[in-house]
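This report refers to the structure that appears directly beneath it.
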Amino acid sequence: MRVLVTGGAGFIGSHLVRALVRAGHSVRVLDNLSTGSPENLAGLAGSVELVVGDVRDLRVVEAAVRGVDVVAHLAALVDVAESVERPDTYFDVDAFGTYVVAKACRGVEALVYASSSAVYGEPSRLPIGEDHPAAPRSPYAAAKLAGEGFVYAFSAQHSYRPVVLRLFNVYGPKQTKAYAGVISEFVRRALRGEPPIIYGDGEQTRDFIHVGDVVEAFIKAMTDRRVAGTFNIGSGEAVTIRKLAELVLKLAGREGMEPVHRPPRPGDIKHSVADIRKAREALGFKPRIKLEEGIRELLKTGQS
């Protein structure tokens, strides 16, 4: 395939780009490098075409889309708390940026969009299925949901195959503070000999999924022409933030250290865990990397 990955120099995007190159696909990356870095694509010179540009610029996006078969749209701002402080910016990048990408996707076979479990808001039932009502609690979540609407709206006009992947809490190597990953932040602090910081009482639950498993879901969605629709991408297992902190401290050899508690952050929800049956059936999606294994990897490499 000839693939365009927006946000391909970022955390998830760069992992996806490397996997696509390994599989023999032709890859173009569109990234404005505001949170992504060319270092994330190190060693891929000659295998990847990097276009430095913004997804809000229609002319730039149209040029980047030209000649590709599939678009994977991951370019976004992703900090829930920051979106409360900067709602206009999050609407501009995440909602309007997705509108531009979807509008530009004429002649492509598929558009695969990285959405978020945040669109569900505080769930009324667990685990959360794709049929759960959307009730965003932050500008980030609202912008992501708006993006989903544009993906589907333009698919009707341009006849591409729409796939929306609602990602739960993704973690893994190369995750930066810009992605607000709690696991990576706990690992960073443990490696520095600092206690983890928990916002709230720590009893809130999250569904953590390794970036390697997320990449597999993207590639299956991009390559299987039978796949269309919205899918949860998570582990299907709930973990409290307190238990997560204890696990990181244990694996880092710092079991005597106590977490520091701070007030809950605006826009955060209390509980979240994915029902991934639909993704299992349609994508053959099966998470392979266990949480303890993923944390050990981060501690061993000293990366986050």
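What percent does the relative contact order of the chain come to when contacts are Cα pairs within less than 8 Å and at least six residues apart?
19 percent
With only alpha-carbon atoms in the gyration tensor, what are the semi-axes of the equivalent ellipsoid for the stretch 123-227, in Å, largest first?
The three semi-axes for the stretch 123-227 are 31, 18, 13 Å.
Output needed: percent of Cα pairs per 20 Å distance bin for the chain, bins running from 0 to the one holding the longest distance.
Histogramming the chain at 20 Å steps yields 35, 59, 6 percent.
With viscosity set to 1.002 mPa s and temperature to 20 °C, compute the Stokes-Einstein D of the stretch 76-141, Rh being the Kirkwood radius across alpha carbon pairs; µm²/s, no decimals.
Result for D is 161 µm²/s.
Over the stretch 15-120, consider all pairs of different Cα atoms and compute the Kirkwood hydrodynamic radius from their mean reciprocal separation; express it in Å, one decimal.
About 14.8 Å, per the Kirkwood formula over Cα pairs.
Give me T230, T223 ranked fewest to most by other Cβ atoms within 10 Å of their Cβ, as a rough exposure proxy.
Final ranking by Cβ density, sparse to dense: T223, T230.
What does the convex hull of the Cα atoms of the stretch 154-304 come to per residue, in Å³, rounded to a whole number?
122 Å³
What length, rounded to one decimal in nm, is gained on full extension from A45 through to L191, with 0.36 nm per residue of separation minus their alpha-carbon distance?
Gain on extension, A45 to L191, equals 49.4 nm.
Take the Cα radius of gyration of the stretch 70-191 and divide it by 2.2 N^0.38 Å, with N its residue count; two decimals is plenty.
1.11
To the nearest 0.05, how large is the calculated FRET efficiency for S124 and K286 if R₀ is 30 Å and r is the Cβ-Cβ distance?
In this case the efficiency is close to 0.65.
Counting alpha carbon pairs within less than 8 Å and at least 6 residues apart, what relative contact order, in whole percent, applies to the stretch 47-156?
32 percent
Using only DSSP helix segments of four residues or longer, with each worth -39500 (n - 2.57), what per-residue ellipticity at 222 nm results for the chain after dividing by its residue count and rounding to 500?
Value at 222 nm, helices only, nearest 500: -10500 deg cm²/dmol.
Report the label-to-label distance for V260 and L58 in nanometres (one decimal), using points 7 Å from each Cα along the Cα→Cβ vector.
If labels sit at V260 and L58, their model points lie 4.8 nm apart.
What longest range of the chain stays clear of loop-exposed GluC sites (Glu not before Pro) (DSSP non-H/G/I/E/B, at most 14 other C-beta within 10 angstrom)?
Longest gap between qualifying sites, sites excluded: 1-202.
Test of understanding: what is the full-extension gain from L33 to R2, defined as 0.36 nm times their sequence separation minus their Cα-Cα distance?
Extra length available between L33 and R2 comes to 9.0 nm.
Under a plain spin-label model, where a point goes 7 Å from the Cα along Cα-to-Cβ, how far apart in nm are Y199 and A19?
In this crude spin-label approximation the distance works out to 2.7 nm.
Using a Förster radius of 45 Å, what is the FRET efficiency between F96 and E246 based on their Cβ-Cβ separation? Nearest 0.05, please.
0.65
Only the coordinates and a few stated rules stand behind these numbers; no lab work does. In this text the structure is predicted, and so the values were computed from the model without any measurement. Cβ atoms come from the backbone with ideal geometry, glycine included; neighbour counts cover every protein chain shown.
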